[in-house]
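Let me begin by presenting the structure, written as structure tokens, before commenting on it.
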Ligand SMILES: Nc1ncnc2c1ncn2[C@@H]1O[C@H](COP(=O)(O)OP(=O)(O)OP(=O)(O)O)[C@@H](O)[C@H]1O
Ligand SMILES: [Mg+2]
């Protein structure tokens, strides 16, 4: 019988730090007291689960790396799940340094090429994944079999994510993985889990292993919180102006008393981040704005700049708030609200926890600028308890989708038994869990993904199979289907194309959580686009927001070919990132479910390429040529070349030299060879 062990370290019970029980080249001599406890208990080698809830900066990652080491010694695999990409990047760098002879593979955001993923999963000794990827992988036996068969442990870093809207993907994945392979150990890490015991007993029930819940109030560096109240509270704009003044005053004060110290200033919205950064720059501080809009290289160079001191104040969205290690001596938190809502307690405490890190900065101060001191104090007192979001219909339906077999059927009873294994089942208070399950099945049915017959047998529809295969939420595939149905009725392929770009963007928009329009944007949208669009596609109401997105992406991809090219805005980049997957989903639906004509499918491919590359519409055919991207396509358009045939003809004719300046011979050769075999010496440069 498995047991739940609670190891609570108070100041008095801490063991003496021990020298490293490891061959890993950590950048320090001794484990700290908590890590020593971990090592002395042998929690890295024992066949058990661990829920580690020590405070921020206590070195929980080191314990996770010890588990990795134990796995490598036994030639087993490790899956390391990180919620944030930037944290995943940090872990990958560290893991590659600590395990130079091992294969550390990263899996993020690609849901389509299963064969390639399977290959990489086979090769990986340590697979670093995002939580969504873990969920998606665990639904595909082809990949999960190779990844999990020989896996010793899944490490879930920042496990409080379970309580956020991205939590169901981790929860669903852990249940699925434990059902498929109960031998896999679970290691959950988070500084902001006050109810580790509850989480522990759920994990213990999942795989039947002894489970250790580690708690402690000990911190390696002293972290002091200061609440800075700024009034007046209303209107918000006024408060913001005042608060920005206070933040800049604070920065001046902190840097004049400790000129060498670094300050991380967290904001909860990008708009505020930009405003503050502009203000600080104006006042002569060396500052920069770190956010998800930046490319990886730019983000890394800002982080380096902050580490080496060339940046004094790094303004950041929550991209750096969870788990990251920097040289920040001070953290300033800008406000307790995101829009009208309170910021989650986890975000506040995690962000504050970035001040002072062992081995880097020996103490930390957090300056929490707020509108209401009393309320703010209640937010930082203790993080909220971790509860499951799988009690909500929509995420539950999405998880159920992963439980219904692609071929064959499953009974509702069996699905209910699955539900009993979730953490959600332990969190349900007043409702009847069976009702929740029925609501979710009902949603699947309404979205056209599954049918339940009178005997309580559940089957996926063709649409459901596509949704499951491509990891698309039921409501979203429903939205795609509705538009595809309309397209079926449109005889004109040009018009269908227009609709297709809206379809793609609309879908992406539905995944973008915060899409706020300013009054000006809305007015512009209504006068220039929505009315026209509505007239044209009567009855096809996807909402103004979607239309706006379609509009803005359209203007983006039409005008981005300007010289010099404009930087691609974040939202557009997000769409582009998703475009490949969405177009695959649409093409699959178009062929297998709606039997759309090949012409339309061709148009779909073209639209997706155009949106992905951000090129003018006329460049569609050129972009399908390997080696031709937006830049080259735009140059060719300037030469009057729009099609593959025109390109080939121009190379053979008078335009040859001008074309070769734009496109190298190596790109053209395969095209020309398709036409007729050529001899290379026929070309001169
Ligand atoms: N025994 C040690 N001695 C000195 N420094 C250490 C020790 N253990 C860890 N560190 C350093 O402390 C820093 C914080 O470690 P780590 O990122 O593992 O903390 P954490 O507990 O995961 O914090 P968070 O909850 O914020 O994610 C790292 O820079 C790490 O290298
Ligand atoms: Mg951590």
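If we keep just the residues of the range 217-228 that are in contact with a helix residue (DSSP H, G or I) (Cβ under 9 Å, 6 or more places away or on another chain) and at pLDDT 95 or above, which is nearest to ligand 1 (Cβ to nearest atom)?
For the range 217-228, the residue satisfying everything is 225.
Taken together, the criteria exclude residue 204 from residues that are farther than 16 Å from residue 383 by Cβ, at pLDDT 95 or above and in contact with a helix residue (DSSP H, G or I) (Cβ under 7 Å, 6 or more places away or on another chain). For the range 76-96, taking the residues that are modelled with pLDDT of 95 or more and surrounded by fewer than 22 Cβ atoms within 10 Å (Cβ to Cβ), the one that is nearest to the chain's Cα centre (by Cα) is identified as 96. Checking residue 362 against (1) in the same structural domain as residue 347 (by TED's automatic domain parsing); (2) surrounded by 20 or more Cβ atoms within 10 Å (Cβ to Cβ), only one condition comes out false. Which one? With respect to (1) in the same structural domain as residue 347 (by TED's automatic domain parsing); (2) surrounded by 20 or more Cβ atoms within 10 Å (Cβ to Cβ), residue 362 is out only on (2).
In summary, helices (runs of 4 or more DSSP H) completely within the range 39-154 and bearing 3 or more residues that are within 16 Å of ligand 1 (Cβ to nearest atom) occur at 60-73, 85-98.
Out of the residues in the range 171-190 meeting the condition of being outside any helix (DSSP H, G or I) and more than 16 Å from ligand 1 (Cβ to nearest atom), tell me which one is nearest to the chain's Cα centre (by Cα). Applying the filter and picking the extreme gives 186. Please go through the range 400-417 and pick out each residue that is in a helix (DSSP H, G or I) and within 14 Å of residue 449 (Cα to Cα). Passing the criteria: 400, 401. From the list 247, 191, which one is buried (at least 22 other Cβ atoms within 10 Å of the Cβ), more than 16 Å from ligand 2 (Cβ to nearest atom) and closer than 17 Å to residue 354 by Cβ? Selected residue: 247, the only one of 247, 191 that is buried (at least 22 other Cβ atoms within 10 Å of the Cβ), more than 16 Å from ligand 2 (Cβ to nearest atom) and closer than 17 Å to residue 354 by Cβ. Selection over the range 194-233 of residues that are more than 18 Å from residue 67 (Cβ to Cβ) and either in a loop (DSSP other than H, G, I, E, B) or within 16 Å of ligand 2 (Cβ to nearest atom) (or both) gives a count of 15. Only residues that are under 11 Å from residue 619 (Cα atoms) and surrounded by 15 or more Cβ atoms within 10 Å (Cβ to Cβ) were counted in the range 632-656, giving 9. In the same structural domain as residue 240 (by TED's automatic domain parsing), away from ligand 2 (no atom under 16 Å from the Cβ) and in contact (Cβ under 8 Å) with a residue 60 or more places away in the chain: is that true of residue 285 in this structure? In short, no.
Only one of 201, 217 is surrounded by fewer than 19 Cβ atoms within 10 Å (Cβ to Cβ) and in contact with a strand residue (DSSP E or B) (Cβ under 6 Å, 6 or more places away or on another chain). Can you tell me which?
Only one candidate qualifies: 201.
The values are calculated or read from the model by the stated rules, or taken from the named source; none is laboratory data. No experiment lies behind these values; they were computed from the predicted model shown. Glycine gets a Cβ as well: all are built from the backbone with ideal geometry, and neighbour counts include every protein chain shown.
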